[in-house]
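Participant: Here it is, the structure, as C-alpha coordinates.
The values are calculated or read from the model by the stated rules, or taken from the named source; none is laboratory data. Keep in mind it's a predicted model, so treat the numbers as computed, not measured. Cβ atoms come from the backbone with ideal geometry, glycine included; neighbour counts cover every protein chain shown.
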Amino acid sequence: MVRSYSIDSSDSPYRIYPIRGLLGYFHLLLDASRREAVVIDTGLIGEMSQLARALKESGLDWPDIKAILLTHGHIDHTGHLFQIKQLTGAPVLAHPLEQAHINGTFPYRGLSRVCGALEAFGRSVLRYRSVAIDEPLHAEMELPYWGGLRVIHLPGHTHGHCGFYSQRFRLLFSGDLFASYNFITHLPPAFLNSCPEYFDASLDRVKQLSPKLMVPNHYFKFDAEMHRRKFDALLARRKLDLGP
Ligand SMILES: [Zn+2]
(Lines give C-alpha, C1' and ligand atoms only; values in the text may rest on other atoms or scores of the structure.)
Protein backbone atom coordinates (compact mmCIF):
# COMPACT_ATOMS: atom_id res chain seq x y z
CA MET A 1 0.00 0.00 0.00
CA VAL A 2 1.23 3.49 -0.78
CA ARG A 3 0.81 5.72 2.24
CA SER A 4 -1.32 8.81 1.75
CA TYR A 5 -2.20 11.79 3.90
CA SER A 6 -5.18 14.09 4.23
CA ILE A 7 -4.93 17.55 5.69
CA ASP A 8 -8.39 18.29 7.10
CA SER A 9 -10.09 14.99 7.99
CA SER A 10 -9.46 11.32 7.38
CA ASP A 11 -12.44 11.08 4.98
CA SER A 12 -11.40 14.19 3.02
CA PRO A 13 -11.52 13.85 -0.77
CA TYR A 14 -8.19 15.70 -0.89
CA ARG A 15 -5.24 13.40 -0.33
CA ILE A 16 -1.50 13.58 -0.86
CA TYR A 17 0.53 10.56 -1.92
CA PRO A 18 4.25 11.17 -1.42
CA ILE A 19 6.09 9.07 -4.03
CA ARG A 20 9.52 8.22 -2.76
CA GLY A 21 12.55 8.17 -5.03
CA LEU A 22 16.30 7.95 -4.86
CA LEU A 23 16.96 11.61 -4.06
CA GLY A 24 13.61 12.87 -2.81
CA TYR A 25 9.87 12.73 -3.24
CA PHE A 26 7.32 13.91 -5.70
CA HIS A 27 3.59 14.11 -4.96
CA LEU A 28 0.36 12.80 -6.39
CA LEU A 29 -2.53 15.01 -5.29
CA LEU A 30 -5.89 13.26 -5.35
CA ASP A 31 -9.22 15.07 -5.53
CA ALA A 32 -11.67 12.20 -5.02
CA SER A 33 -14.69 14.53 -5.29
CA ARG A 34 -13.83 15.03 -8.96
CA ARG A 35 -12.22 11.62 -9.46
CA GLU A 36 -9.04 13.26 -10.68
CA ALA A 37 -5.46 13.91 -9.66
CA VAL A 38 -2.41 15.93 -10.59
CA VAL A 39 1.27 15.29 -9.99
CA ILE A 40 3.72 17.87 -8.74
CA ASP A 41 7.03 16.83 -10.34
CA THR A 42 7.81 13.40 -11.74
CA GLY A 43 10.73 11.86 -9.84
CA LEU A 44 14.02 10.53 -11.14
CA ILE A 45 14.18 6.77 -11.66
CA GLY A 46 12.18 3.75 -10.55
CA GLU A 47 9.15 5.51 -9.08
CA MET A 48 6.59 4.55 -11.73
CA SER A 49 5.38 1.36 -9.99
CA GLN A 50 4.66 3.33 -6.80
CA LEU A 51 2.79 5.96 -8.77
CA ALA A 52 0.77 3.26 -10.56
CA ARG A 53 -0.10 1.67 -7.19
CA ALA A 54 -1.15 5.02 -5.70
CA LEU A 55 -3.43 5.62 -8.67
CA LYS A 56 -4.94 2.15 -8.41
CA GLU A 57 -5.56 2.53 -4.68
CA SER A 58 -7.33 5.82 -5.47
CA GLY A 59 -9.57 4.03 -7.99
CA LEU A 60 -8.07 6.13 -10.78
CA ASP A 61 -6.38 5.39 -14.07
CA TRP A 62 -3.59 7.22 -15.94
CA PRO A 63 -5.92 9.56 -17.90
CA ASP A 64 -7.40 10.75 -14.57
CA ILE A 65 -4.14 12.62 -13.98
CA LYS A 66 -5.25 15.95 -15.40
CA ALA A 67 -2.02 17.93 -15.23
CA ILE A 68 1.71 17.52 -14.68
CA LEU A 69 2.95 20.46 -12.61
CA LEU A 70 6.68 21.07 -12.40
CA THR A 71 8.34 23.10 -9.67
CA HIS A 72 11.41 23.27 -11.93
CA GLY A 73 13.26 21.35 -14.62
CA HIS A 74 16.11 19.60 -12.78
CA ILE A 75 16.39 15.96 -13.73
CA ASP A 76 15.39 14.61 -10.29
CA HIS A 77 12.02 16.31 -10.92
CA THR A 78 11.61 15.44 -14.61
CA GLY A 79 12.94 11.86 -14.79
CA HIS A 80 9.56 10.30 -15.59
CA LEU A 81 8.10 13.35 -17.33
CA PHE A 82 8.06 11.82 -20.82
CA GLN A 83 6.57 8.54 -19.62
CA ILE A 84 3.87 10.17 -17.46
CA LYS A 85 2.95 12.50 -20.31
CA GLN A 86 2.64 9.48 -22.67
CA LEU A 87 0.47 7.53 -20.22
CA THR A 88 -1.83 10.38 -19.21
CA GLY A 89 -1.93 12.75 -22.16
CA ALA A 90 -1.96 15.48 -19.49
CA PRO A 91 -0.57 18.96 -20.17
CA VAL A 92 2.81 19.89 -18.70
CA LEU A 93 2.66 23.10 -16.67
CA ALA A 94 5.91 24.87 -15.80
CA HIS A 95 7.45 28.30 -15.84
CA PRO A 96 8.78 29.01 -19.38
CA LEU A 97 12.29 29.67 -17.98
CA GLU A 98 12.42 25.97 -17.06
CA GLN A 99 12.21 24.71 -20.64
CA ALA A 100 16.00 24.95 -21.07
CA HIS A 101 16.46 22.84 -17.92
CA ILE A 102 13.93 20.27 -19.17
CA ASN A 103 15.73 20.17 -22.52
CA GLY A 104 19.15 19.90 -20.89
CA THR A 105 20.35 23.03 -22.66
CA PHE A 106 20.53 25.47 -19.74
CA PRO A 107 23.88 27.35 -19.90
CA TYR A 108 25.19 26.65 -16.38
CA ARG A 109 27.91 29.02 -15.21
CA GLY A 110 30.46 29.01 -12.39
CA LEU A 111 29.97 26.46 -9.64
CA SER A 112 26.59 25.33 -10.98
CA ARG A 113 28.35 23.73 -13.97
CA VAL A 114 28.77 20.74 -11.62
CA CYS A 115 24.97 20.47 -11.54
CA GLY A 116 24.88 20.58 -15.36
CA ALA A 117 27.49 17.81 -15.59
CA LEU A 118 25.62 15.59 -13.12
CA GLU A 119 22.38 16.13 -15.03
CA ALA A 120 24.02 15.37 -18.37
CA PHE A 121 25.31 12.09 -16.92
CA GLY A 122 21.85 11.29 -15.52
CA ARG A 123 20.14 12.02 -18.83
CA SER A 124 22.41 9.64 -20.74
CA VAL A 125 22.02 6.84 -18.17
CA LEU A 126 18.24 7.26 -18.04
CA ARG A 127 17.85 7.69 -21.79
CA TYR A 128 15.98 10.81 -20.85
CA ARG A 129 13.60 12.39 -23.35
CA SER A 130 12.63 16.01 -23.16
CA VAL A 131 9.03 17.28 -23.25
CA ALA A 132 7.68 20.70 -24.26
CA ILE A 133 5.84 22.80 -21.69
CA ASP A 134 2.18 22.93 -22.77
CA GLU A 135 0.98 25.66 -20.43
CA PRO A 136 3.50 28.26 -19.27
CA LEU A 137 3.09 29.29 -15.65
CA HIS A 138 3.49 32.79 -14.30
CA ALA A 139 3.54 34.26 -10.81
CA GLU A 140 0.22 34.27 -8.94
CA MET A 141 -1.60 32.29 -11.63
CA GLU A 142 -4.56 30.33 -10.23
CA LEU A 143 -4.86 26.69 -11.27
CA PRO A 144 -8.14 24.77 -10.96
CA TYR A 145 -6.64 21.59 -9.47
CA TRP A 146 -6.92 20.07 -5.98
CA GLY A 147 -9.45 22.67 -4.84
CA GLY A 148 -7.31 25.50 -6.29
CA LEU A 149 -3.53 25.94 -6.45
CA ARG A 150 -1.77 29.28 -6.85
CA VAL A 151 1.57 29.52 -8.61
CA ILE A 152 4.18 31.15 -6.36
CA HIS A 153 7.27 32.12 -8.34
CA LEU A 154 10.27 31.41 -6.07
CA PRO A 155 13.50 31.86 -8.05
CA GLY A 156 16.92 31.19 -6.56
CA HIS A 157 17.46 27.48 -7.15
CA THR A 158 16.54 28.05 -10.82
CA HIS A 159 15.11 31.13 -12.55
CA GLY A 160 11.67 29.66 -13.14
CA HIS A 161 11.38 27.71 -9.89
CA CYS A 162 7.77 27.80 -8.63
CA GLY A 163 5.87 26.60 -5.59
CA PHE A 164 2.17 25.70 -5.58
CA TYR A 165 -0.03 27.07 -2.82
CA SER A 166 -3.33 25.64 -1.63
CA GLN A 167 -5.27 28.47 0.00
CA ARG A 168 -7.81 25.94 1.24
CA PHE A 169 -5.21 24.18 3.40
CA ARG A 170 -2.70 27.04 3.67
CA LEU A 171 -0.21 24.53 2.33
CA LEU A 172 2.75 25.42 0.12
CA PHE A 173 4.43 22.79 -2.03
CA SER A 174 7.78 24.53 -1.97
CA GLY A 175 9.84 22.48 -4.45
CA ASP A 176 13.57 22.91 -3.88
CA LEU A 177 13.38 26.26 -2.07
CA PHE A 178 14.82 24.37 0.88
CA ALA A 179 15.48 20.80 1.96
CA SER A 180 14.06 19.68 5.30
CA TYR A 181 15.76 16.76 7.01
CA ASN A 182 15.65 15.69 10.66
CA PHE A 183 18.77 17.40 11.88
CA ILE A 184 19.55 19.74 9.07
CA THR A 185 17.38 22.13 7.11
CA HIS A 186 19.14 24.07 4.43
CA LEU A 187 18.90 25.93 1.17
CA PRO A 188 20.01 23.75 -1.75
CA PRO A 189 23.83 23.45 -1.90
CA ALA A 190 25.50 26.26 -3.86
CA PHE A 191 26.49 24.10 -6.84
CA LEU A 192 22.81 23.32 -7.50
CA ASN A 193 21.67 26.95 -7.64
CA SER A 194 21.54 28.95 -10.87
CA CYS A 195 20.56 32.33 -9.39
CA PRO A 196 21.08 32.38 -5.60
CA GLU A 197 20.83 36.18 -5.59
CA TYR A 198 17.04 35.72 -5.70
CA PHE A 199 16.77 33.48 -2.63
CA ASP A 200 16.17 36.25 -0.11
CA ALA A 201 13.29 37.74 -2.11
CA SER A 202 11.78 34.26 -2.49
CA LEU A 203 12.13 33.53 1.24
CA ASP A 204 10.42 36.87 1.93
CA ARG A 205 7.61 35.98 -0.47
CA VAL A 206 6.93 32.80 1.50
CA LYS A 207 7.08 34.68 4.78
CA GLN A 208 4.50 37.11 3.44
CA LEU A 209 2.33 34.24 2.17
CA SER A 210 2.53 32.74 5.66
CA PRO A 211 1.57 29.14 4.92
CA LYS A 212 0.56 26.95 7.84
CA LEU A 213 2.05 23.89 6.17
CA MET A 214 4.94 23.27 3.81
CA VAL A 215 5.88 20.27 1.70
CA PRO A 216 9.30 20.40 0.01
CA ASN A 217 10.65 17.66 -2.30
CA HIS A 218 13.67 16.66 -0.24
CA TYR A 219 12.86 15.32 3.24
CA PHE A 220 12.91 12.10 5.31
CA LYS A 221 9.46 12.30 6.80
CA PHE A 222 6.16 13.64 5.50
CA ASP A 223 5.21 16.14 8.20
CA ALA A 224 4.00 19.42 6.71
CA GLU A 225 3.77 21.19 10.10
CA MET A 226 7.31 20.21 10.99
CA HIS A 227 8.62 21.39 7.61
CA ARG A 228 6.93 24.74 8.20
CA ARG A 229 8.63 25.04 11.61
CA LYS A 230 11.96 24.08 10.08
CA PHE A 231 11.50 26.75 7.44
CA ASP A 232 11.00 29.32 10.24
CA ALA A 233 14.21 28.17 11.90
CA LEU A 234 16.03 28.46 8.59
CA LEU A 235 14.77 32.03 8.15
CA ALA A 236 15.92 32.94 11.66
CA ARG A 237 19.35 31.43 11.05
CA ARG A 238 19.68 33.20 7.73
CA LYS A 239 18.88 36.55 9.38
CA LEU A 240 21.69 35.91 11.86
CA ASP A 241 24.02 34.91 9.03
CA LEU A 242 23.33 38.19 7.30
CA GLY A 243 24.04 40.14 10.47
CA PRO A 244 22.00 43.04 11.88
ZN1 LIG B 1 16.48 21.08 -8.13
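Participant: List the residue pairs whose Cβ atoms are under 9 Å apart, where the first residue sits in the range 61-79 and is more than 16 Å from the ligand (Cβ to nearest atom), the second is among the aromatic types (F, W, Y), and the two are 6 or more positions apart or on different chains.
Facilitator: K66/Y145; A67/Y145
Participant: Something else: F82 fails exactly one of the following numbered conditions: (1) away from the ligand (no atom under 16 Å from the Cβ); (2) farther than 16 Å from R129 by Cβ. What is the number of that condition?
Facilitator: Failed condition: (2).
Participant: Any residue at all in the range 211-234 that's in contact (Cβ under 8 Å) with a residue 24 or more places away in the chain, within 16 Å of the ligand (Cβ to nearest atom), surrounded by 13 or more Cβ atoms within 10 Å (Cβ to Cβ) and small (G, A, S)?
Facilitator: Taking every residue of the range 211-234 in turn, none turns out to be in contact (Cβ under 8 Å) with a residue 24 or more places away in the chain, within 16 Å of the ligand (Cβ to nearest atom), surrounded by 13 or more Cβ atoms within 10 Å (Cβ to Cβ) and small (G, A, S).
Participant: Which one of these does T88 not meet: (1) polar (S, T, N, Q); (2) at pLDDT below 95; (3) within 26 Å of P13 (Cα to Cα)?
Facilitator: Every listed condition holds for T88 apart from (2).
Participant: Do you know which residues across the range 106-154 are in contact with a helix residue (DSSP H, G or I) (Cβ under 7 Å, 6 or more places away or on another chain), under 19 Å from G79 (Cα atoms) and assigned to a helix (DSSP H, G or I)?
Facilitator: Answer for the range 106-154, where residues must be in contact with a helix residue (DSSP H, G or I) (Cβ under 7 Å, 6 or more places away or on another chain), under 19 Å from G79 (Cα atoms) and assigned to a helix (DSSP H, G or I): V114, C115, E119, G122, R123.
Participant: Taking the condition of being part of a strand (DSSP E or B) and closer than 20 Å to L30 by Cβ, how many residues in the range 155-167 meet it?
Facilitator: So in the range 155-167, the residues part of a strand (DSSP E or B) come out as 162-166.
Still in the list and also closer than 20 Å to L30 by Cβ: 163-166.
Qualifying residue count for the region: 4.
Participant: So is I65 at pLDDT 95 or above, crowded, with 18+ Cβ neighbours inside 10 Å and out of contact with any helix residue (DSSP H, G or I) (no Cβ under 7 Å at 6 or more places or on another chain) or not? Give the steps one after another, and end with the answer.
Facilitator: On the way: at pLDDT 95 or above: yes; crowded, with 18+ Cβ neighbours inside 10 Å: yes; out of contact with any helix residue (DSSP H, G or I) (no Cβ under 7 Å at 6 or more places or on another chain): no.
So I65 does not fit the description; no.
Participant: Another one. Specify the residue that is farthest from the ligand (Cβ to nearest atom); the eligible residues are those in the range 168-210 that are in contact with a Gly (Cβ under 9 Å, 6 or more places away or on another chain), assigned to a loop (DSSP other than H, G, I, E, B) and not small (G, A, S).
Facilitator: Of everything passing the filter in the range 168-210, R168 is farthest from the ligand (Cβ to nearest atom).
Participant: Could you identify the single residue in P91, P136, P107 that is over 30 Å from E197 (Cβ atoms) and either surrounded by fewer than 18 Cβ atoms within 10 Å (Cβ to Cβ) or more than 16 Å from the ligand (Cβ to nearest atom) (or both)?
Facilitator: Unique residue meeting the criteria: P91.
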